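*Asks:* This is the structure, below, for whatever I ask next.
What follows draws every value from the coordinates through simple rules; no lab data is involved. What you see is a predicted model; the values in this text were computed from it and never measured. Heads up, the Cβs are rebuilt from the backbone with ideal geometry, glycines too, and the neighbour counts pull from every protein chain shown.
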Amino acid sequence: MRYAEAPSASGDVHVEAALSRVWTLVTDIALPARLSPELQRVEWLDGVQGPAVGARFAGYNRHRMIGEWRTVSHIVELEEQRVFCWAVVDEDGRFGTPSRRPADRLATWRFELGPEGTGTQLRHIARIGPGRSGVSLAIDHMPDREEEIVAFRIAELRTNIEATLRGVKELAEQPD
């Protein structure tokens, strides 16, 4: 698969907890930083303190191959207890021309929730591109290995997604 194809990784889990409880967890932007080896911390921007379409938050990341960097995420879709989606942009120009536009996103992350039996079905999706990212830098250095580089990154994202889903499930299913 090539970068221009906007490849994605996803995972699903059944959580034996109320939809409202799972929703509260997945819309807490600080939670993935507790569960992900890459995302280190987050903070709301522009004085906002909660999820709303158009709200922005900064993410501080670390990866063994490319070091540390900051991204800014724009919440682009929010459907109460159904969908929480954000576009990640490179406002600082770490990977190319700086941009604040969600259309230039380097990745899109999404949670989808729905009732299932006595609990909640939770899906987590990450799609890379179309904007430049750390993957783009690697491809610049080894264009003949693009498909291998993209496959490696998708595998990393899948691992991170699975860790996040396990963490959400564990937290949501804990007794009050």
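*Asks:* Out of these labelled values of Rg/Rh (Cα atoms, Kirkwood Rh), (i) 1.11; (ii) 0.97; (iii) 0.94, which was calculated from the coordinates shown here?
*Replies:* Among (i) 1.11; (ii) 0.97; (iii) 0.94, the one derived from this structure is (ii).
*Asks:* Looking at the chain, identify the longest residue range that excludes and avoids all GluC sites (Glu not before Pro) in DSSP loops having at most 14 other Cβ atoms within 10 Å.
*Replies:* Of all site-free stretches, the longest is 81-176.
*Asks:* Mind giving me the nanometre distance, one decimal, between the label points for GLU43 and SER10, set 7 Å out from Cα along Cα→Cβ?
*Replies:* About 3.4 nm, to one decimal.
*Asks:* For the chain, what is the calculated [θ] at 222 nm in deg cm²/dmol (nearest 500), taking -39500 (n - 2.57) for each run of four or more DSSP H residues and dividing by its residue count?
*Replies:* Dividing the helical sum by the residues of the chain leaves -8500 deg cm²/dmol.
*Asks:* Can you tell me which of GLY114, GLY59, GLY67 moves the most in a GNM of the chain? Springs connect C-alpha atoms under 10 Å apart.
*Replies:* Judging by the Gaussian network model, the answer is GLY67.
*Asks:* Another one. Of the residues LEU113, LEU157, LEU137, which exhibits the maximal mean-square fluctuation in a Gaussian network model of the chain defined by a 10 Å Cα contact cut-off?
*Replies:* With Cα springs under 10 Å in the chain, the top fluctuation among LEU113, LEU157, LEU137 is at LEU137.
*Asks:* Pick out, from SER20, TRP69, ALA151, the residue whose Cα sits farthest towards the positive end of the charge dipole of the chain, with +1 on the Cβ of Lys and Arg and -1 on the Cβ of Asp and Glu.
*Replies:* TRP69
*Asks:* Still on this structure, please answer the following. Assuming R0 = 45 Å, what is the FRET efficiency of ARG2 and GLN174, from their Cβ-Cβ distance, to the nearest 0.05?
*Replies:* 0.60
*Asks:* Only counting other Cβ atoms within 10 Å, I'd like SER136, SER20, SER73, SER10 sorted with the fewest neighbours first.
*Replies:* SER20, SER10, SER136, SER73
*Asks:* Run the quick spin-label model on ASP144 and ASP28: label points 7 Å from Cα toward the beta carbon, then report their separation in nm to one decimal.
*Replies:* With each label point 7 Å from Cα toward Cβ, the separation is 4.9 nm.
*Asks:* Distance from the Cα centre of the stretch 35-109 to that of the stretch 1-15, in angstrom?
*Replies:* The distance from the Cα centre of the stretch 35-109 to that of the stretch 1-15 comes to 17 Å.
*Asks:* How many nm separate the modelled label positions at GLU80 and THR159, each set 7 Å beyond the Cα in the direction of the Cβ?
*Replies:* Spacing of the two 7 Å Cα→Cβ label points: 4.0 nm.
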